[in-house]
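Novice: This is the structure I have questions about; it appears just below.
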Amino acid sequence: MTDTASPVPSAPTAPPDAGGRFPRLRLLASFVAPHWRVLLLGLVLGLIANAAGLATPMVTKWVLDSLGASASMTGPISVLLVLVVVGAAISLWQWILLGTLAERVVLDARTSIVRRYFAARIGALTRRPTGELVTRVTSDTGLLHEASSSIVGLVNGALALVGTLVLMGVLDLVLLGCVIAAVIVVGIIMATLMPSIAKAQEQAQESVGQLGGALEGALRAIRTVKASRAEARQGDKIITAARESASHAVRAARRTAQVWTIAWTGIQLSIIVILGIGAWRAELGLLEISSLIAFLLYAFQLMGPITELTQNVTALQAGIAAAARIREIEAIELEHRDPVRPAGPAAAEPARTDGPVLALRGVSARYGPDSPHVVRDVTLEVPRRGHIAIVGPSGAGKTTLFSLLLRFLEPAHGEIQLDGRPYASYTNDEIRARLAYVEQETPVLPGTIRDNLLFTHPDATDDELRTVLAAVQLDEKVAALDDGLDTDLTTSRVSGGQRQRIALARAILRTPDVLLLDEATAQVDGLTEAALHRCIQERAATGAVVTIAHRLSTVLDADQIAVMEGGQIRARGTHAELYATDDLYRQLIEALRIAADGGKPPAHVPAERITPVAAPVIQPDPALA
C-alpha cells in the first residue's frame, strides 16, 4: 500500500545537497522565499541607506570646497544633515523590518518541524533520541535568525562595496588601484577560510544534538542513575559531548576571528598606504586636498561593507548548517492519512455490527524493511463485549500487537478489520476515535489533573470527570486537594499508581468501543487493584477490553486469553483450558503466582520464558493521599 499523507506546513523543499555550495545556499533560501516581499523591501531600504552613506563624503568635499572658495556653507551643511537624518531613519526601519522577518522565519521553521513530528510515524520518531529532536526545534532553528537576513545584508554589503569603489575611482584612479589590490588579497584569504567555518559550525550543531539526546535520556532515568551510583559516569559522558561541541565551536570562533582580523588589518594597512600615496600626490598637485579627505572618508567607510559582508557570510554558514539539519526532518516518514474508500456497491454497505469489533487476519509486521518479523501470521478476533488478556514472555510481540491495532505500525502482510471493513478504508482519526489506550508507563501530560482527563474529550463536563475519578477511586483524593481538578501535575509529585489511575480515568471517559490496557494494574496497591478490576469488568460488560497482562489477577479475570510466543499466538482459551493444555501458559501462571506470593520461581521454570513481573507497589504521594 502506498503511503499518503495530508500536507504538513513547511517551507518549500529545496534541492538536495550535491556537495557544492550553491545547492546548500538554495536550501537556506527556501526558508526565506515565502517572505520575498519583505526581503525585497529590506533590500530597497538598504540601498537607500547605502546611497545616503555613499553621498556623505562627496557632500563633505563640497563643504571643504565651499570653505576654500569662501562660498555659502548653508547648502552643503543642510544636505549633509538631511543625509544623516534620512540614513538613520531608513536604517532603523530596515533593522526593525529584518528583525521581524528573522523571527517569522524561525517561527515558520519551528511550526513546520513540530507539525512534522506529530504527523510522523511512531517508529520514525522513536528511532531518534528525544533530546536531539528537541534540539532541532530550539537550537537549530535559532541559527536561522541571523542567517535569514544575511542574504539582504550580503547584497547590501556587496553593492555598498562596489559603490564605494566606484566613487573612489571618480576621485582618484591611482589610489583606487591600491584599495582594489588590498580588497582582492583580503577576499582570497576569506574565501579560503570560510569553508572551514561552515564545517566546524555544522559539527558543533551535530554535537549539540547528541548532547541533548544524552542529557534527556539520563534525566528521564535519573532515579536509576542515582540508585546505580552512576552520577559521575553519566555526567562525564554528557560533559564529553558538551566538550566536543565546544571544541567545534571554538574552532569556528578561531576561524571567524582570523577572518575579522585579516579584514580589519588589511583595510587599515591600505588606509596607511593610501594616506602616504595621497599626500605625495597632493604635494605634486595631482590631487586636491578635499578629494584626498573625501577619499580617506570612503576608505574608512569601506570598513562598513567589509564588516557587513564578513558578519553575514559567517551567519550564512551557520544558517546553511542549521537548514541542512532541519531539512533532514522532512525525511521522517508520515502516517497514513487518506483512506482507501470502497467503490461501487460496497460503498453503500453499512459497517457490520454483529461480528467482532476488531479482527486480525494473518497479520505479520516488522519495524523496518530489513528487520525480522516481530509478529507473524497472527489471526485474532476481538468481540464487541468481553475481556481478552494477552500473555507471553518478553519479546513475544504483545506491545507490537497494540501498535498494529492503534495503527502506529502498518502490517507487512495480512489485514486488520474494524467492523468488518479493512483498516485501509478508515482514517487514523476514525480508528483511534473508537479505541482508548493506556500505556504501561502511563505518561501524565504537562498541565493540571483536569487537562489530563480532558485530553481525549475536551468538551467533557465536570460531572463526567468526577464519575471517572470515582471509578478509579481518586475522587475523594482529588476533592481533598486545595485546587481540586485544577491541581498542577507539573509541580507536584505523583506516584506511579496515581499516574496509572489518572491515565485509566482519561481512557474510560465516555466509554470507547475498545479499551486497550498495557497492564493498568502494574503499580497500584491491592485495594486499588481490586477497584480497577471492577472498573474493567464494568467496561467489559458494555464494550471490548484488551489487556497485556503481567499480573495474575488480570489473567484470571479475563473471558478469553491469548498466549503469544515468538510473534505468534500459540494458544487461546479460558484460564482453565489453557492451564490444563498449554505448558508455556502453565509456566507463566506459576511465575505470576509465585511473584504475587513474594517467592521465587521453581528451578524447572526457564527464566527466559517468564514475563517480567510488575514493579513494586509505589506508595501514594502525600499530596494526593
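The values are calculated or read from the model by the stated rules, or taken from the named source; none is laboratory data. Only a predicted model underlies this, so the values are computations on that prediction, with no experimental measurement involved. Cβ sites come from the backbone with ideal geometry, for glycine too, and all protein chains shown count toward neighbours. Surface areas here come from the heavy atoms of the whole protein model, side chains and all, with no ligands, DNA or RNA. Shrake-Rupley method; radii C 1.70, N 1.55, O 1.52, S 1.80 Å.
Novice: With every protein chain kept in the model, how would you rank Leu125, Leu406 by accessible area, 1.4 Å probe, largest at the top? Don't jump to the answer; show the numbers that get you there.
Specialist: On the way: Leu125 40, Leu406 10 Å².
From most exposed to least exposed: Leu125, Leu406.
Novice: Charges on Cβ only, +1 for Lys and Arg, -1 for Asp and Glu, centred on the Cα centroid of region 126-199; of Val166, Ser196, Val186, which one is farthest towards the dipole's positive end?
Specialist: In region 126-199, that residue is Ser196.
Novice: Continuing with the same structure: What nm distance separates the two modelled labels at Val134 and Ile96, each placed 7 Å from Cα along Cα→Cβ?
Specialist: Modelled inter-label distance: 3.6 nm.
Novice: Could you give the size of the charge dipole of region 89-218 about its Cα centre, using +1 on the Cβ of each K and R and -1 on the Cβ of each D and E, expressed in debye and rounded to the nearest 20?
Specialist: Working: 9 positive and 9 negative charges, 118 e Å.
Charge dipole, region 89-218, about its Cα centre: 560 debye, nearest 20.
Novice: Given a Förster radius of 51 Å and the C-beta distance between Val84 and Arg243 as r, what FRET efficiency does 1/(1 + (r/R0)^6) yield to the nearest 0.05?
Specialist: Numbers: r = 49 Å, r/R0 = 0.95.
Efficiency computed from Cβ-Cβ geometry: 0.55.
Novice: Keeping all protein chains in place and using 1.4 angstrom, which order do His387, His413, His457 fall into by accessible surface area, from largest down?
Specialist: Details: His387 10, His413 105, His457 50 Å².
Ranked list, largest accessible area first: His413, His457, His387.
Novice: Determine how large the accessible area of Glu439 is when every protein chain is in place; take a 1.4 Å probe and give Å² rounded to the nearest 10.
Specialist: 80 Å²
Novice: Each label point is 7 Å from the Cα along the Cα-to-Cβ direction; what then is the distance between the points at Val273 and Asp483, in nm?
Specialist: Distance between the two pseudo-spin positions: 6.9 nm.
Novice: Rounded to the nearest 10 Å², what accessible area does Leu92 have for a 1.4 Å probe in the complete protein model?
Specialist: That residue has around 100 Å² of solvent-accessible surface.
Novice: Lys237: which aspartates and glutamates have alpha carbons under 18 Å from its alpha carbon, excluding same-chain residues fewer than 8 sequence positions away?
Specialist: Glu132, Glu206, Glu216
Novice: If you roll a 1.4 angstrom probe over the protein chains with everything in place, what fraction of the accessible area of region 106-157 belongs to carbon and sulfur, to the nearest %? Don't skip to the end; give the middle numbers.
Specialist: Working: 1370 of 2130 Å².
Whole-percent figure for carbon plus sulfur exposure: 64.
Novice: Another question, if that's okay. Determine the order of Glu577, Glu308 by accessible area, beginning with the largest, at a probe radius of 1.4 Å. Show your work: numbers first, answer last.
Specialist: Numbers: Glu577 105, Glu308 55 Å².
Sorted by accessible area, descending: Glu577, Glu308.
Novice: For Leu292, what accessible area in Å² do you get when you roll a 1.4 Å probe over the heavy atoms of the protein chains, rounding to the nearest 10?
Specialist: 20 Å²
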